[in-house]
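The values are calculated or read from the model by the stated rules, or taken from the named source; none is laboratory data. All values reported here derive from a predicted model rather than from experimental measurement. Cβ placement follows ideal geometry from the backbone for every residue including glycine, while neighbour counts extend to all protein chains displayed. With ligands, DNA and RNA removed, areas are computed over all heavy atoms of the protein, side chains included. Shrake-Rupley method; radii C 1.70, N 1.55, O 1.52, S 1.80 Å.
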Amino acid sequence: MAEEAPNQTTTPPPPQESVAQVEEVVVTDVPQPPEKTTTTVPVEETVTLETHLSKPNNADDNDNIIPEFKEESTKLSELPENENKALQDLKKLVQDALNNHHFSSKEDNKNPPPQTAAHKEEVVTETKTDAAPAKTEEEQAETKEEEEKKEEVKETNEEAAVDDDGAKTVEAIEETVVAVSSTVQPQAEEKASSPLPPEEVSIWGIPLLADERSDVILLKFLRAREFRVKEAFTMLKNTIQWRKEFGMEELMEEKLGDELEKVVFMHGFDKEGHPVCYNIYGEFQNKELYKKTFSDEEKREKFLRWRIQFLEKSIRKLDFNPGGICTIVHVNDLKNSPGLAKWELRQATKHALQLLQDNYPEFVAKQVFINVPWWYLAVNRMISPFLTQRTKSKFVFAGPSKSTETLLRYIAPEQLPVKYGGLSKDGEFGNIDAVTEITVRPAAKHSVEFSVTENCLLSWELRVIGWEVTYGAEFVPSSEGSYTVIVQKARKVASSEEPVLCNSFKVGEPGKVVLTIDNTSSKKKKLLYRLKTKPSPSD
C-alpha cells in the first residue's frame, strides 16, 4: 500500500478536457437528490485510448456550496500590478535584511538601528540637566588607560633625563607616544567601518534573491498574508529562524526508520500535475505502532521530525520556476481513524499542523478527505466559521460510499492506487498508460471493441467500481469463414473478488476483441479499462 511512485520527478501526463459532469465537489453520505441522466458513451471504442475526466457540476445554485479553489499563477508576468508591487517591496526588505545579516540574528536589537535626530537631541538634553553624570564603565576604563600611559611617559622621561649618552630625549619619547596613539584609532575605525558581504540564506534548497525561483517562494508568503508586505516579511524571517533552530539541514541526513511508510506516502499525480500525498490515519489502529509512535514525549518528537523530514524531501522535488508545479494535493483517509479519543495522536497532530501552518505557506493545492465519519463532519461544521474562505475552498469531503467517485474527479485512474478505486499498481501497466472511463447505465449492457489488424499479443486490464456485474470477452475475426473465440466466459463478478481483472489474447488474424459488461443492477457503474499490444511471441 505504501509503494511510492517510481520517479517523483517524472513529468505527469497533461490534463485532458472534460467530457462529463458529476455531482458537487463537497459530498457526504446524506441522502442525495435523484441522479441526472448522463449521455451514453458510444459502444464501439477505438484502440486509441483517452482518459475521460470530469469536472464539478456547476448547475447547482446552492449558495451554501463553497466555490472550488482555483490556484493562482506563479508566472511573474501575469501578476496584477498591486501584487507585483508588493513582491518588489518584499524583495527590498529581504535584500536589506541580507545586507545587514538580520536573518542570522535571533533579535533585531543585536545590530541597533542608527540614532535619529530626535533621539540624539533627547540624549543631549539629558546630559545638560544632569548635574554630575556618572561615568560609564567604558569611560572609566579609558580614563584608567590614559592615566597608565601618563605614568609610563613620566617614568620614561625621568630615565631619559638621567641618561648620560643622551640617546633618547623627552621630546622623542613624547612623539612616539603620540604617534602610537594616533595610529590605533584610525585602524579601529577602518576595521569597524568595513562592510560585511551580504548574508546567504536558502530555504527549501532555493537561495533567496538568487533567481526567479526565489520570487515564487516570496509569493507564497505574500499570499499567506494577503499581500501585506510587512507581515509576509515577518513570517519569512520567523520561518528561517525556526528552520535554523529545528536543525533542518541536519534533519535531512537523519535516519528515522521506515515504520511510518504506510501512514504517509507519495503516489502519482493529480489531473493538473500536482504530486499526491496520502495520509492514512487508520494505520494507527495498530496498537503496537501507536505505542511506538506516541507513547511518550520523545517518541512524539521523533514522529514530528519524521513528518517534517518527509515533507521537506517532497517539497524539494517541486518545480519552483515560474509557472511550475510547486504545491501538493493531500488525500486524508479517515477510515478506521482513532478519532478524538486518542489524546496523544490529537496533540501530536495539532503540534504538526501548527508548525506546517506557520512555516509552510501555500504548499497545499487541495485537501481531500475520504471515508469521512459523521462525527468529523460535525467537528468541521463547528470550526468552519473560523477558517478563511480561501482555506475552506481547498477542502473536499466524501463519505465512504462517495470516496472513489470523488478521488476520480481529481486523480486519473492510472495514477490512483487500486486500494482507492484506480488501476495504479505494480505489473505490466504503468501510471503512464492511460485509462478510459465509461459509465454503464442501470439495467444495461455495454460492449467495448478493440480492432486489431495484425498479429500481436493484446493485453488489457479492467475494473468496474463495486462490480456486481457480468463480464465476458471474445475475439471476433474479420473473415466470414472464421469462428468467434471465447476469451473469457461470461460470469458474474462480485465486489469481494479481485478488484482488477487482467486478460490477454494472442491475435493471429485481423479482427476485434469485444468486452461485454452486463449491469443488471439498479445503479450506474463506472468501468475503467486500458490495453496495450506487443509483438506476437514465437510459437
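Tell me yes or no: at least one residue of segment 372-380 is open to solvent by less than 40 Å² (accessible area, probe 1.4 Å), over 22 Å from Pro417 (Cβ atoms) and of a type in the set (Phe, Trp, Tyr). No: segment 372-380 contains no residue that is open to solvent by less than 40 Å² (accessible area, probe 1.4 Å), over 22 Å from Pro417 (Cβ atoms) and of a type in the set (Phe, Trp, Tyr). Is it the case that some residue within segment 331-352 is β-branched (Val, Ile, Thr), in the same structural domain as Leu289 (by the TED database) and more than 16 Å from the chain's Cα centre (by Cα)? Taking every residue of segment 331-352 in turn, at least one turns out to be β-branched (Val, Ile, Thr), in the same structural domain as Leu289 (by the TED database) and more than 16 Å from the chain's Cα centre (by Cα).
Glu405 satisfies every condition listed in (1) without any contact (Cβ under 8 Å) to a residue 60 or more places away in the chain; (2) more than 24 Å from Arg223 (Cα to Cα); (3) in contact with a strand residue (DSSP E or B) (Cβ under 9 Å, 6 or more places away or on another chain); (4) not hydroxyl-bearing (Ser, Thr, Tyr) except (1).
Restricting the first member to segment 447-468 and to residues that are free of Cβ contacts under 8 Å to residues at least 60 places away in the same chain and within 16 Å of Thr533 (Cα to Cα), and the second to residues that are open to solvent by 40 Å² or more (accessible area, probe 1.4 Å) and of a type in the set (Ser, Thr, Tyr), the beta-carbon pairs closer than 9 Å and six or more apart or on different chains are Thr453/Ser478; Glu454/Thr533; Glu454/Ser536. Restricting to segment 263-306, name every residue that is open to solvent by 30 Å² or more (accessible area, probe 1.4 Å) and either closer than 19 Å to Ile328 by Cβ or part of a strand (DSSP E or B) (or both). Those that are open to solvent by 30 Å² or more (accessible area, probe 1.4 Å) and either closer than 19 Å to Ile328 by Cβ or part of a strand (DSSP E or B) (or both): Glu272, Tyr281. Counting the residues of segment 445-464 that are more than 34 Å from the chain's Cα centre (by Cα) and open to solvent by less than 20 Å² (accessible area, probe 1.4 Å) gives 8. When the residues of segment 339-355 are filtered to those that are under 16 Å from Val264 (Cα atoms) and not hydroxyl-bearing (Ser, Thr, Tyr), which remaining residue is most open to solvent (accessible area, probe 1.4 Å)? So the residue we want is Leu353.
Looking at (1) open to solvent by less than 80 Å² (accessible area, probe 1.4 Å); (2) modelled with pLDDT under 95, find the lone condition where Ser193 falls short. Of everything listed in (1) open to solvent by less than 80 Å² (accessible area, probe 1.4 Å); (2) modelled with pLDDT under 95, Ser193 misses just condition (1). Residues that are under 30 Å from Gly430 (Cα atoms), modelled with pLDDT of 95 or more and in contact with a strand residue (DSSP E or B) (Cβ under 6 Å, 6 or more places away or on another chain) do occur in segment 279-290. Can you spot a residue in segment 420-435 that is among the β-branched types (Val, Ile, Thr) and modelled with pLDDT under 95? Scanning segment 420-435, I find at least one residue that is among the β-branched types (Val, Ile, Thr) and modelled with pLDDT under 95, so the answer is yes.
Contact map, segment 282-300: residues that are on the phi > 0 side of the Ramachandran plot paired with residues that are part of a helix (DSSP H, G or I), Cβ distance under 6 Å, separation 6+ or inter-chain. No pairs are found. Residues in segment 307-351 that are hydroxyl-bearing (Ser, Thr, Tyr) and not in a helix (DSSP H, G or I) were compared, and the one that is nearest to Pro361 (Cα to Cα) is Thr327.
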